[in-house]
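Novice: What follows is a single structure, and I will ask about it in a moment.
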Amino acid sequence: MLKKLIVFLCIISPFSLFANDCVKYKQTPKISVLSPLYSTKVVQPDEPMDKYHGNVVATFVEDYDISVDIFYDTDGYCVALKSVDALVGYNDFLIKIDNSNIKNSCSYNAILNHEYKHIDEYLSVMNDLGPDVKSSIFNAANSVMPVFALTRDDIDYVIEKMNYEMRDHPELILIKQKINAAQEIRNKRIDQNEDNHELKSCLIN
């Protein structure tokens, strides 16, 4: 049993030492966060919808491009996260309106205007939570410690692993939950406070 333990320690100790040596290269990451340019498309599906209520499908994206510094150290390389360029927000809005509403008619435009209010709320959530998003990304990136790569060929794999580690950080998961909750609350508020006077005037006329 003792012999097996000694062999095991001999196998893992060099890699443990290399990993510990890399700690000295830890940096405070620089964070840049941009909102994607978004597009809006309006469609009238073939399948029936609520005649007087449209729908918005919002596409949320998050992309993290990490930059690293690479240091030669102890017969290998230490890879340290240096910066993160993040793209977070909504890049596509699809508005659906029942095809019984003729395009550019009074009812069509009334429903369309209402759905644009929902889009404004989606965008306002990202604007209001912008500082929290940046803070969460910083904390996630700052938690990623330098990683040892034995050869140059291992570096790409190490960078990919660091990126996944950052994405899985609890603060990034939490901020996405916070964004989802905020947009749900604001969208419900739009519908609850909307008296549909514009659409009602179309039906009267």
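No value in this document is a laboratory result; all are computed from the given coordinates. In this text the structure is predicted, and so the values were computed from the model without any measurement. Virtual Cβ from ideal backbone geometry, glycine too; neighbours counted across all protein chains shown.
Novice: Counting only residues that are in a strand (DSSP E or B) and hydroxyl-bearing (Ser, Thr, Tyr), which one in segment 37-88 is surrounded by the fewest Cβ atoms within 10 Å (Cβ to Cβ)? Let's see the steps before the verdict.
Specialist: Step one: list which residues in segment 37-88 are in a strand (DSSP E or B), which gives 39-43, 55-72, 77-88.
Filter once more, so that each one left must be hydroxyl-bearing (Ser, Thr, Tyr): 39-40, 59, 64, 67, 72, 77, 83.
Numbers: 39: 11, 40: 12, 59: 13, 64: 19, 67: 12, 72: 9, 77: 21, 83: 16.
Selected residue: 72.
Novice: Okay, next question. What residue, among those in segment 143-171 that are within 19 Å of residue 34 (Cα to Cα) and either in contact with a His (Cβ under 6 Å, 6 or more places away or on another chain) or in contact (Cβ under 8 Å) with a residue 60 or more places away in the chain (or both), is surrounded by the most Cβ atoms within 10 Å (Cβ to Cβ)?
Specialist: Here the answer is 166.
Novice: Go over the candidates 164, 116 one by one and state the one that is hydroxyl-bearing (Ser, Thr, Tyr) and farther than 25 Å from residue 54 by Cβ.
Specialist: Numbers: 116 fails: farther than 25 Å from residue 54 by Cβ.
Just one listed residue meets the conditions, 164.
Novice: So, one more: Looking only at segment 61-72, how many residues end up being in contact (Cβ under 8 Å) with a residue 60 or more places away in the chain and over 15 Å from residue 162 (Cβ atoms)?
Specialist: Total satisfying the criteria: 1.
Novice: Another question, if that's okay. Quick one: in segment 185-197, which of the residues that are surrounded by fewer than 12 Cβ atoms within 10 Å (Cβ to Cβ) and of a type in the set (D, E, K, R) is nearest to residue 52 (Cα to Cα)?
Specialist: Going through the qualifying residues, I end up with 195.
Novice: Can you tell which of 144, 158 is of a type outside the set (Gly, Ala, Ser), within 23 Å of residue 21 (Cβ to Cβ) and touching an Asp or Glu at 6+ places or on another chain (Cβ under 7 Å)?
Specialist: Working: 158 fails: touching an Asp or Glu at 6+ places or on another chain (Cβ under 7 Å).
Selected residue: 144, the only one of 144, 158 that is of a type outside the set (Gly, Ala, Ser), within 23 Å of residue 21 (Cβ to Cβ) and touching an Asp or Glu at 6+ places or on another chain (Cβ under 7 Å).
Novice: Being aliphatic (A, V, I, L, M), surrounded by fewer than 18 Cβ atoms within 10 Å (Cβ to Cβ) and under 16 Å from residue 199 (Cα atoms): is that true of residue 102 here? Please lay out each step first, then the result.
Specialist: Values: aliphatic (A, V, I, L, M): yes; surrounded by fewer than 18 Cβ atoms within 10 Å (Cβ to Cβ): yes; under 16 Å from residue 199 (Cα atoms): yes.
Yes, satisfied.
Novice: Take the residues of segment 158-205 that are acidic (Asp, Glu) and out of contact with any helix residue (DSSP H, G or I) (no Cβ under 9 Å at 6 or more places or on another chain): which is farthest from residue 67 (Cα to Cα)?
Specialist: Result: 195.
Novice: Which numbered condition in (1) basic (Lys, Arg); (2) surrounded by 14 or more Cβ atoms within 10 Å (Cβ to Cβ); (3) over 28 Å from residue 33 (Cα atoms) is the only one that residue 200 fails?
Specialist: Checking residue 200 against (1) basic (Lys, Arg); (2) surrounded by 14 or more Cβ atoms within 10 Å (Cβ to Cβ); (3) over 28 Å from residue 33 (Cα atoms), the one that fails is (2).
Novice: Is there any pair with a first residue in segment 184-196 that is charged (D, E, K, R) and a second that is surrounded by 11 or more Cβ atoms within 10 Å (Cβ to Cβ) whose Cβ atoms are under 6 Å apart and which are 6 or more apart or on different chains, and what are they?
Specialist: From residues that are charged (D, E, K, R), the pairs are 186/121.
Novice: What's the number of the condition residue 132 fails, among (1) within 27 Å of residue 201 (Cβ to Cβ); (2) surrounded by fewer than 16 Cβ atoms within 10 Å (Cβ to Cβ); (3) among the acidic types (Asp, Glu)?
Specialist: Looking at each condition in turn, residue 132 falls short on (1).
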